[in-house]
Structure formats: structure tokens, C-alpha cells
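Trainee: Sharing a structure here in C-alpha cells format.
Please treat every number below as a calculation from the coordinates, not as lab data. Just so we're clear, the structure is a prediction, and the values are computed from it rather than from any experiment. Cβ placement follows ideal geometry from the backbone for every residue including glycine, while neighbour counts extend to all protein chains displayed.
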Amino acid sequence: MDKLIRQALSEGKLTIAGGGPAEAYKPWAAGFERQYPGVTVQVQGGFSKALVADIDRQLETGDPTIDVAILQTLQDFERWKAAGALRKTDIPAAERLAPSRRDDDGRYVPIAVYGLSYAYDPRQVAFGQVPRSATGFADPRWRGRVISTYPHEDDVTLYLYSLLVERHGWSFIEQLLANSPQFVNGHLGVAQAIAAGRSALSFDHIIGLGAADQQAGRLAIAIPPEDPMPVWAQSAAILEGSPSPTAAELFLRWLLEPDQQRAISQRGAWSPRLDIAPPPGVAPLTELNIADGFLAFITDGAAAQAYRDRFAALIGPVTGPDVR
């Protein structure tokens, strides 16, 4: 470990590309810099699609500038792994990770597990009024008051909508759209709209977003009582050819240590470690009705694209600013 630290310090820097806003990763960057002064961490946030395209271009040159990619697009990790574009990691905490979430070859690791819950504005909606199933969001009482991201733009929302089609049929989607839901380009936009009172509720909220608004009473969440809740692992990998591979591995080791994983849990995500408690007020994943097939769904490219095409035709093109 001392040798690893010395090598990381000699590299002196670390570049992280993370799906979503850069602000979400800055606490990790700052914490790592405090733990290992001498390593400067640069964070690049943005659309996962844009980051993936940039990483693809860098990998083609054989001289990437990004060290660590943190994304929800597990299909890209699988693609890069097959192409030999990810470094094998040696993470001591790997043995404490849920076997279903870790890559057996050690090419990428889960760092947090997120779920799509219901969310509502408690100033407009009482807890007892929150629908028990997604079909309740198509009730005329919620006309124009439900908000979601575009399923043909966001992969985890696409997975959610595919599950709802399997469970309730395309007729549910038709009823939902007839009820004039609002669509926004990003899950942060869902939380912000509810907290601002512009929307009343959603079945498409990432647990962990809007923590300050929850504390202020502007946003509340509910685990779906009847429909399975989609969950997925936000994962991380070190690119082959990384300019700072040792600092990158030290960062992933640090991120999966108990202190960092407890902090992630406190902010609303489940830890992939089996020895870390769930987020406050939420049950362990093993006690919840979850849908855990995101990787299988999104790596079936033809089926996922067929859903994208149909939702694009039903809902229309993505409009509005990126709110992630």
C-alpha cells in the first residue's frame, strides 16, 4: 500500500469523467485530495452519451487523458472490457461487494446503487394520496402534474418504462400520455420541478437527489408499494492507457472503503458493499421488491432501441435544457 501511495503521489494528478453534474463528484475529489495531498483531482461531468463518445475517441488514439470513468451506462463498460480498453483493478474491498454487482474480471467496480422511486411535493400531495402503482399516475386528478424524464433519452428511465409496459401494457402508456405529463431532460430536473412546486409528483425520481429539499419539506420520496423498483449500480473503471493509473486505483480503493461508502449511503444511495447499512429510513435492497435487470436490458441493444424508437414516436423529440 505504501508503494501504491508513493507511485500515486509521483503521478500527482487524477482526471475523472462522471455522468451527471460535476458538482456530484466534487466532494469525492476534495476528500481524496485531503487524504492524499499532492494528488490533484480534476472532475469532468456531463451527459453520459457525450462522455462515452469522448472516451471512445480518446481510446482510439491510444493516449487517453481521462483516468477514471464513472457511469450508469453499464453497456459501455462491457463494450470497453470486450475491447481490452479497461485496466484490471486490484481492490481489496471487492470481496465485500455483492457478487451480482461486481465484474468477475475486475475491469469495473460498482461504487453506489441507485433506485427510481416515487417522489412528491408534500405541500401539494399527502402521503396517503401517492399512488401505490404507476397506473395511479394516469388518474385524471394528476392531469398535467406528473413529471418524468424522457425515456428515449435516459437509459434507466427507458428500463423503467419497459418494465411498466411489461407489467401494465402499452395501454397504460397511452393513458399516461393522455394525462399530459411533463417531461424534462434529466432526473435533477424532476427533483427541482417538484421542489419548486411546478410539478406535484413523479414515478421517475432517483433516490438521493434533492436531499436539501427533502430536509426543507419541499420534496418527499416513497418506495413503490406494488411495482418493482428499478435499481442499478453506478460503476467505475480505469481506462487502459490512463496517464495516472496508480492514482486511479488508489482512488477506487479509497472510494470503496467503509467511510466513503457510509457517506454515500447517508446521501441516499445503497452501498454495493454487503457490510454497509442502507440509506436512512430505507430498507436494505434484499427486503425490497426491486427490478435488478438493467444490465441485461441495456446490453440487448436491439430490444432497447426498439423501445427508444417507440417512445420517441409517442412522446416526441427531446426538448428543453439539460438538467442533470
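Trainee: From the residues Trp270, Ala212, Met229, which one has its Cα farthest along the dipole of the stretch 211-292 in the positive direction, the dipole being from +1 and -1 charges on Cβ of Lys/Arg and Asp/Glu about the Cα centre?
Mentor: In the stretch 211-292, that residue is Ala212.
Trainee: 5 Å is the cut-off here: which amide hydrogens, built 1.01 Å from N in the peptide plane, fall below it relative to Gln42, excluding neighbours closer than 5 in sequence?
Mentor: Here the answer is Leu14, Thr15, Ile16, since their amide H atoms fall under 5 Å of that of Gln42.
Trainee: Quick one: dipole size for the stretch 89-160, taken about the Cα centre, charges +1 on Lys/Arg Cβ and -1 on Asp/Glu Cβ, in debye to the nearest 20.
Mentor: Computed about the Cα centre, the dipole is about 580 debye.
Trainee: To continue, here is another question. Using the number of other C-beta atoms within 10 angstrom as an exposure proxy, rank Leu295, Leu255 with the fewest first.
Mentor: Starting with the residue having the fewest Cβ neighbours, the order is Leu295, Leu255.
Trainee: Give me the dipole magnitude in Debye, nearest 20, for the stretch 20-167 about the Cα centre, with unit charges on the beta carbon: positive for Lys and Arg, negative for Asp and Glu.
Mentor: The calculated dipole for the stretch 20-167 is roughly 660 debye.
Trainee: Still on this structure: Pop the C-beta distance of Thr61 and Glu174 into the FRET formula with R0 = 51 Å and round what comes out to the nearest 0.05.
Mentor: Given R0 = 51 Å and the Cβ-Cβ separation, E is 0.60.
Trainee: With unit charges on the beta carbons (Lys and Arg positive, Asp and Glu negative) and the dipole taken about the Cα centre of the stretch 83-149, which residue among Gln124, Thr89, Tyr108 sits farthest to the positive side?
Mentor: The listed residue farthest towards the positive side: Gln124.
Trainee: Pairing the Cα long axis of helix 245-255 with the longest principal axis of the chain, what angle in degrees results, from 0 to 90 and rounded to the nearest 10?
Mentor: 50
Trainee: So, one more: Any idea how far the Cα center of the stretch 262-302 sits from the one of the stretch 104-121, in Å?
Mentor: Taking the Cα centre of each part, the stretch 262-302 and the stretch 104-121 sit 5 Å apart.
Trainee: Report for the chain the percent antiparallel among DSSP-assigned beta bridges with both residues inside it, nearest 5.
Mentor: Within the chain, antiparallel bridges account for around 55 percent of the total.
Trainee: Charges only on Cβ, +1 for Lys and Arg, -1 for Asp and Glu: so what's the dipole of the chain about the Cα centre, in debye to the nearest 20?
Mentor: Here the chain has a charge dipole of around 740 debye.
Trainee: Quick one: which residues, 5 or more positions from Leu86 or on another chain, have an amide H under 5 Å from its amide H? H modelled 1.01 Å from N in the peptide plane, none for Pro or chain starts.
Mentor: For Leu86, whose amide H was placed from the backbone, the distant partners under 5 Å are Glu240.
Trainee: While we're on this one: Given the -39500 (n - 2.57) contribution per DSSP H run of 4+ residues, what per-residue ellipticity at 222 nm results for the chain, rounded to the nearest 500 deg cm²/dmol?
Mentor: Only helices count here, giving -11000 deg cm²/dmol.
Trainee: Taking N as the number of residues in the chain, what value does Rg over Cα atoms divided by 2.2 N^0.38 Å take?
Mentor: Normalised by 2.2 N^0.38 Å, the Cα Rg of the chain equals 1.00.
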